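J.: For reference, the structure I am asking about is given below.
The values are calculated or read from the model by the stated rules, or taken from the named source; none is laboratory data. Predicted, not measured: the structure shown is a model, and the values here were computed from it. Quick reminder, even Gly has a Cβ in these numbers, built from the backbone with ideal geometry, and neighbours come from all protein chains shown.
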């Protein structure tokens, strides 16, 4: 019976074409597969907890892989794989899990943040969206509260996707400000492709007073991507937390 291991990691998405393996393009998944395969001297295929797009970052991400025989020295594996991986990818932990645990399908919630800087700052290039126009944070938080009245977010979903449905349960959503940095944090049981970036792009227009709260609600109710605003750039988006049920780790 195959043995399953979870890998906890983080990455700077700037030099990658997203998580998923792409033809003729560098991806996080490909780097992990190659590194684990070299160290374990067998073909290893990692499965991620989600698919981040090109340029999106992850402060916390999980992948899993299966092997026929248990790995005897996990600390050694952790160290050696970390040595091979690009500097933009860091492993934090490798641990065994129960055979029915899956990084994607066993997750109960995911949390993202989006960062905006309102001043020119060379130290946050490719880390935050630079947006120096005034934004009304109270209006943007009112838009956040409106999210809880809906569970179908097709208007914020990338068109042409293969998702079976557009239903998501928003658990929390808010904007905060610290000095010149605006931070949007949202937690849900699942997210659609491009959903957070489309939400942010639309809420920026709310903050600019280009659309009011009723118009924001109408956009969601329309279930039509063309009604929402353009997506915010990828480099301001971070996956920051994945929740799993208790008993994830094998005793």
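J.: Of everything in segment 35-51 that's in contact with a helix residue (DSSP H, G or I) (Cβ under 8 Å, 6 or more places away or on another chain) and in contact (Cβ under 8 Å) with a residue 40 or more places away in the chain, which residue is nearest to residue 111 (Cα to Cα)?
T.: 48
J.: Just need a number here: residues in segment 148-197 that are free of Cβ contacts under 8 Å to residues at least 40 places away in the same chain and at positive phi.
T.: 2
J.: Taking the stated definitions as given, is residue 229 within 22 Å of the chain's Cα centre (by Cα), in a loop (DSSP other than H, G, I, E, B) and buried (at least 17 other Cβ atoms within 10 Å of the Cβ)?
T.: Taking the combined requirement at face value, the residue satisfies it.
J.: So, one more: Residue check: is residue 202 closer than 25 Å to residue 61 by Cα and either touching a strand residue (DSSP E or B) at 6+ places or on another chain (Cβ under 6 Å) or free of Cβ contacts under 8 Å to residues at least 60 places away in the same chain (or both)?
T.: The answer is no for residue 202.
J.: If you don't mind, there's one more thing I want to ask. Scan 39, 47, 56, 71 and give me the residue that is farther than 27 Å from residue 195 by Cβ and in contact with a strand residue (DSSP E or B) (Cβ under 9 Å, 6 or more places away or on another chain).
T.: Within the list 39, 47, 56, 71, the selection yields 71.
J.: Of everything in segment 1-27, what is surrounded by fewer than 19 Cβ atoms within 10 Å (Cβ to Cβ) and outside any loop (DSSP other than H, G, I, E, B)? Give them in sequence order.
T.: Selection gives 3, 8, 10, 22, 25.
J.: Let me ask something additional. Are there strands (runs of 3 or more DSSP E) fully within segment 75-189 with at least 2 residues that are buried (at least 19 other Cβ atoms within 10 Å of the Cβ) and not assigned by TED's automatic domain parsing to the domain that holds residue 29? List them.
T.: 109-117, 170-178, 181-188
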